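Colleague: First the structure, then my questions, so here it is.
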Amino acid sequence: MSHSNATGSLNPSTFILLGIPGLEAAHVWISIPFSVMYAIAFFGNLTIMFIVKMEPSLHGPMYYFLCMLAATDLVQSTSTVPKMLSIFWFNDREINFSACLSQMFFIHCFLAVESGIFVAMALDRYVAICNPLRHSTILTNPIVGKIGLAMLLRCGLMTLPCPLLAREWPYCRTNVILHTCCEHSAVLKLACADIRISSYYGFFAAILLMSLDVLSIVVSYTLILRAIFSLPTKDARLKTFGTCGSHLCAILAFYIPCFFSVLTYRFGQNVALYFHVLFANVCLLLPPMLNPIIYGVRTKQIHDRLLHFFTHKGT
């Protein structure tokens with residue numbers, strides 16, 4: 001397939017996704033770990049949602065937020081991985097201009113939604129530990145639904161200017177995107193105009209959302225830790241803190257790669273392009289893969305229901 005130019009056209013009808021620049025010969029081998037990660041993410045998150053739906057004892061705020069997290073991970077990974085694998089396996093590099101902008105929106109919107117859900121889960125842990133007697137009256141099902149909707153609207157409205165602005169720029173140099181997906185900054189590099197407003201907005205919107213979410217989580221856990229250390233016995237402190245273990249592991253698995261990726265992409269000009277692209281794909285796939293494993297192993301109720309399901313099925 002030729003790398004066609006879009007000279008003379010404000011908006012090309014299609015973009016060409018190059019894949020991982022410099023590693024095209026290894027695409028098939030690179031696809032193996034990514035396809036395994038996607039399979040784990042896809043079936044793992046579906047399993048979490050199925051267990052919560054089928055088990056009435058799990059119909060509570062913590063598990064509703066967990067279902068929101070699983071659904072977000074499914075959307076996030078499915079918006080990028082199938083197209084990436086079609087590039088690796090079938091050399092299917094073309095993507096429609098509108099589809100590219102839609103993919104851009106879903107990538108960045110649902111990354112932000114996942115961050116927001118971690119804030120909601122931190123709020124749930126705060127109320128459960130610091131005000132347990134009022135937990136069921138504060139976080140009712142309608143409130144949980146409104147929190148989830150608010151997170152989706154917040155992230156959607158903050159992300160929407162990115163593809164809308166990108167649609168307005170002229171693309172008269174080339175239509176070859178040096179990436180496996182329509183990531184915001186990778187698309188902007190193709191524009192033959194002053195795109196500083198898009199670049200600055202995308203960077204500061206991401207930093208603002210992530211920073212506010214991290215600050216909210218830190219404040220929540222500061223109050224949680226203060227409540228835990230006020231408990232009378234060591235066993236009570238450990239048991240109470242143990243209810244936060246899965247959440248903390250998932251938070252670290254999400255924020256550490258995200259912040260590292262943003263900073264290296266922004267300031268690591270000397271880092272090879274293939275490393276940026278590879279690491280960006282890992283950041284998109286790692287949390288969706290790890291979250292169902294973390295919650296399946298560390299959350300006793302889900303772990304027990306999984307064992308019961310497989311044991312009962314085997315019997």
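The values are calculated or read from the model by the stated rules, or taken from the named source; none is laboratory data. Given the structure is predicted, the values throughout are model-derived calculations rather than measurements. When we count neighbours, we look across all protein chains shown, and the Cβ atoms used for this are built from the backbone with ideal geometry, even at glycine. Areas reflect the complete protein model, heavy atoms only, side chains present, ligands, DNA and RNA absent. Shrake-Rupley method; radii C 1.70, N 1.55, O 1.52, S 1.80 Å.
A quick yes/no check of all residues on (1) open to solvent by 80 Å² or more (accessible area, probe 1.4 Å); (2) assigned to a helix (DSSP H, G or I):
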residue	(1), (2)
LEU209	no, yes
VAL214	no, yes
ARG226	yes, yes
PRO232	yes, no
CYS249	no, yes
CYS258	no, yes
VAL262	no, yes
VAL277	no, yes
ASP304	no, yes
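Colleague: Which of the residues belonging to the range 14-37 are of a type outside the set (Asp, Glu), part of a helix (DSSP H, G or I) and open to solvent by 40 Å² or more (accessible area, probe 1.4 Å)?
Modeller: Those that are of a type outside the set (Asp, Glu), part of a helix (DSSP H, G or I) and open to solvent by 40 Å² or more (accessible area, probe 1.4 Å): ALA25, VAL28, TRP29, ILE32, PRO33, VAL36.
Colleague: Here's a follow-up. Would you mind telling me which numbered condition in (1) aliphatic (A, V, I, L, M); (2) open to solvent by less than 20 Å² (accessible area, probe 1.4 Å); (3) modelled with pLDDT of 95 or more MET68 fails?
Modeller: Among (1) aliphatic (A, V, I, L, M); (2) open to solvent by less than 20 Å² (accessible area, probe 1.4 Å); (3) modelled with pLDDT of 95 or more, MET68 violates only (2).
Colleague: Residue by residue through the range 135-158, note down the ones that are touching a helix residue (DSSP H, G or I) at 6+ places or on another chain (Cβ under 7 Å) and of a type outside the set (A, V, I, L, M).
Modeller: Within the range 135-158, the subset touching a helix residue (DSSP H, G or I) at 6+ places or on another chain (Cβ under 7 Å) is 135, 138-139, 144, 147-148, 151-152, 154-156, 158.
Of everything in the range 135-158, those that are touching a helix residue (DSSP H, G or I) at 6+ places or on another chain (Cβ under 7 Å) and of a type outside the set (A, V, I, L, M) turn out to be HIS135, GLY148, ARG154, CYS155, GLY156.
Colleague: Scan the helices (runs of 4 or more DSSP H) fully inside the range 129-170 and keep the ones with 3 or more residues being in contact (Cβ under 8 Å) with a residue 24 or more places away in the chain and open to solvent by less than 60 Å² (accessible area, probe 1.4 Å).
Modeller: Of the helices (runs of 4 or more DSSP H) lying wholly inside the range 129-170, those with at least 3 residues that are in contact (Cβ under 8 Å) with a residue 24 or more places away in the chain and open to solvent by less than 60 Å² (accessible area, probe 1.4 Å) span 141-159, 161-168.
Colleague: How many residues, within the range 123-143, are at pLDDT 90 or above and in contact with an Asp or Glu (Cβ under 9 Å, 6 or more places away or on another chain)?
Modeller: 1
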